Amino acid sequence: MIRSQRWKGAAFTVPFQLGFVFLYLLPIGYAVYQSLYHEQQSGLGLGGATEKFVGLDNYKEGLTDSAFMGSVLRVVLFACVQIPVMLLISLVLALLLDAVTSKVAGRFRILLLVPYMIPGVVAALVWINLYSPDVGPLTPLGEFFGFHWNFFSPSMVWPSIGNLLTWHGIGYNMVIIYSALQGVPRELFEAARLDGASEWRIARSIKVPFVRGALVLTGMLSIIQMLQIFNEPALFRNITPQTVDDSFTPIMIIYNQAFNAGNYHYAATLSVLLALILGVGSFLFYRLTSREVD
Amino acid sequence: MTMTEERASTGKTVRRLNRPDPGARSRGGQRFLLVGLVLASMYSLFPVWWLIVASTKDRTGLYQSNGLWFSGGWHLWDNLRQLFTYNDGIFLRWTANSLLYAGVGSLGGTLLALATGYGLARFQFPGRNLVFACVVGSFLIPIALLTLPLYLLFSEIGLVDTPWAMLIPCLINPFSVYLAKVYTEATIPYELLEAARIDGAGELRIFFSIVLRMMTTGGATVFLLAFVNTWNAFFLPLTVLRGEENWTLNLGLYNWSGKRLESGVDLTSLVLTGALLSIVPMAIMMVAMRRYWRTGVTLGALK
């Protein structure tokens, strides 16, 4: 390739590079810089605040902050239950779709994808109102069957959020798994049928193993990504601030530190910590899975 | 030899067309599968159904009737009128804002991403791998790590609480760049570019009149995904937009939903009608661009 042409090619990427520096690298650098400082009130707090270099002290505080580390643990535990349940339901639905005629499958695929078309915030608002004892149909329905459930109680709030996320996510995941299942060579099924295998056996021994690897991969990555959950708990907090406190999830703590406590330095520290946890988690996960493949 | 090969290939097409063969299954088995799918569809659809029913009710109806069926008269038009006139029609303002941010932001972002993806896919230049590594690496960066310092930087230069605070971040979308690179590799052959160069076309001309035209499908997918992303955004607008005249629909509905605890004003009926309306543009976009969306969904899974 001619030299001048190379540079013209590079020029196509220059606007993006500039934007990337301004919107990605600069903010990250700024956050790291801020995390090394601490705001100090001088004297009686009359002389204004001064910034003092404190090294890694903020990180020490963050790593021993039980509210922060507790929220990380809580969210990971939640993800370890919600994500597998959601993927399991998606897998079952994809297997059902794969077993009916393609005309029927096409119709149900559209119906099951409807939740995915709804913006996440709107989905949460709808479910919050479905859960609501005042306007929602679920409370009277429960009472009809003799349950007195309160979806916003401390023990129910995570299952309530989990149901909402599962409802929102199964259609999308089902489509992904379904298209992976289409890749299974159909000859295999006929061979198995000739050997007398039942449809159930075919699903269990041929189809499921075929998509298991991809499922484990997306599952683990989704669990790591769940550390960033913010929207749904924030919307629940709008309704039940007693149950969903301001340190419910890591990002809620960070937001609260920055905008309510006005402690940007600590908020920056915690966001860098969260990024490190995410990075280390993903790295370990890739090492683990790539070794398994070998 | 040729005969068997031909038969094998036709056999494959036939099988693919009416796959799977229904003859292999008992009637009862099919019915069992259908029951499962119907139950799952009911679970998927009943919240949407409830939302539609709720938007036709007035306050008494909402609080006192069975939520899953219409009752107490048809109040959808009253609810809509209330929604559009409440607080001087602020809801329409939020809708316009959401459309502006998602529409203009995604359009600009898509153009930029196509140019970048094309540059990365079809030119060898020093630093190319570094740029691509940045693109992929940024998938792992938590949104809080970017948004909080961005808020501080924007407030330094006076962008906080202006539409620019939403539009500028939408222009730089690494995932769009990644998709654009993948699409370029799949649709733009080197030979074509060489031929255009020999014919004396400049690089800019090649990009605007050949590459962009051939990338319509890829570009539409990138635009669609970016539009959905921006329309659904919550953390970024919550952080950088303070005054309600610049809010998005999501932010406005969030605020209304909290009003009851904050100031005792019950806006549930407005929230529900507004929620229903805010689904409409998304549904229209997705149905209109269904063809592109499918490829996007499967490609998105690669991320």
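I'm a student and want to see the number: the projected area of the Cα convex hull of the range B:22-85, averaged over all directions, in nm².
Numbers: hull surface 25.4 nm².
For the Cα atoms of the range B:22-85, the hull's average projected area reads 6.3 nm².
Using a 10 Å cut-off around each Cβ of peptide A:21-30, what is the average number of partner chain Cβ atoms that fall inside? Could you put the intermediate results ahead of the total?
On the way: counts 2, 5, 11, 11, 2, 4, 11, 6, 1, 6.
That average works out to 6.
Consider just the alpha-carbon atoms of the range B:90-300 and return their Rg together with their Dmax, both in angstrom.
Taking only Cα atoms of the range B:90-300, I get Rg and Dmax of 19.9, 72 Å.
Mind grabbing the interface size between B and A? I mean buried accessible area, both sides, 1.4 Å probe, in Å² to the nearest hundred.
Working: alone 18790 and 18390 Å², together 28540 Å².
Protein heavy atoms only, the B-A interface buries about 8600 Å².
For the range A:28-156, what is the relative contact order in percent, using Cα pairs closer than 8 Å and at least 6 residues apart in sequence? Walk me through the numbers on the way to the answer.
Details: 67 pairs, mean separation 12.0, N = 129.
Once divided by the residue count of the range A:28-156, the mean separation gives 9 percent.
Find the accessible area per residue for the protein assembly as shown; the probe is 1.4 Å, ligands and nucleic acids are left out, and the unit is Å².
Value for the protein assembly as shown: 48 Å² per residue.
Roughly how compact is the range B:86-184, stated as its Cα Rg over 2.2 N^0.38 Å to two decimals? Please report the intermediate quantities before stating the final value.
Working: Rg = 16.4 Å, N = 99, 2.2 N^0.38 = 12.6 Å.
Against the empirical 2.2 N^0.38 Å value, I get 1.30 for the range B:86-184.
Among the residues of the range A:120-153, which ones have their accessible area go down by 40 Å² or more when all the protein chains sit together, as opposed to their chain alone (1.4 Å probe)?
Those are A:V121, A:V122, A:L125, A:V126, A:N129, A:L130, A:D134, A:V135, A:P137, which lose 40 Å² or more relative to the chain on its own.
Could you give the alpha-carbon Rg of the range A:182-242 over 2.2 N^0.38 Å, rounded to two decimals? The partial results should precede the final answer.
Working: Rg = 20.3 Å, N = 61, 2.2 N^0.38 = 10.5 Å.
Its radius of gyration relative to the 2.2 N^0.38 Å reference: 1.94.
Run down the aspartates and glutamates and flag those whose C-alpha is under 17 Å from the C-alpha of A:K207, throwing out any fewer than 8 positions away in its chain.
A:D98, A:E187, A:E190, A:D195, A:E199, B:D21
Roughly how many whole Å is it from the C-alpha centroid of the range A:119-158 to that of the range B:181-241?
Using only Cα atoms to place each centre, the spacing works out to 44 Å.
Report, as a whole number in µm² per second, the diffusion coefficient that Stokes-Einstein gives for the protein assembly as shown at 20 °C and 1.002 mPa s using the Kirkwood radius over alpha carbon pairs. Numbers along the way, then the final one.
On the way: Rh = 26.7 Å.
In µm²/s, the coefficient is 80.
For A:K52, go through the aspartates and glutamates and keep the ones whose alpha-carbon is under 19 Å away, minus same-chain ones fewer than eight residues off.
Leaving aside aspartates and glutamates fewer than 8 places away in the same chain, those within reach of A:K52 are A:E39, A:E61.
For every other residue with a beta carbon closer than 12 angstrom to the beta carbon of A:F12, add +1 if it is Lys or Arg and -1 if Asp or Glu, then tell me the sum. Numbers along the way, then the final one.
Working: positive: A:R6, A:K8, B:R122, B:R128, B:K181; negative: B:E203.
Taking every other residue near A:F12 into account, the sum is +4.
Could you run the Karplus curve 6.51 cos²θ - 1.76 cosθ + 1.60 with θ = phi - 60° over the range A:79-90 and give me ³J(HN,Hα) per residue in whole Hz, x for Gly and Pro?
Rounded to whole hertz, the list is 5, 5, 8, 5, 4, x, 4, 4, 5, 5, 4, 4.
Just the number, please: carbon plus sulfur as a percent of the accessible area of the protein assembly as shown, 1.4 Å probe, no ligands or DNA/RNA counted.
65
What residues of the range A:273-289 lose no less than 20 Å² of accessible area with every protein chain in place versus their chain by itself (probe 1.4 Å, heavy atoms only)?
Correct list: A:A275, A:L278, A:S282.
What's the angle, to the nearest 10 degrees (0 to 90), between helix A:208-225's Cα axis and the longest principal axis of chain A?
On a 0 to 90 degree scale, this one is about 20.
Do any residues of the range B:248-273 show a loss of at least 50 square angstrom of accessible area between the isolated chain and the full protein assembly, using a 1.4 Å probe, and if so which?
Residues meeting the cut-off: B:Y254, B:S257, B:L261.
The values are calculated or read from the model by the stated rules, or taken from the named source; none is laboratory data. Everything numeric here is computed off the predicted structure, so don't read it as measured data. All Cβ positions, even for glycine, are placed from backbone atoms using ideal geometry, and neighbour counts span all protein chains on display. What goes into the accessible areas is simple: the full protein's heavy atoms, side chains included, and nothing from ligands, DNA or RNA. Shrake-Rupley method; radii C 1.70, N 1.55, O 1.52, S 1.80 Å.
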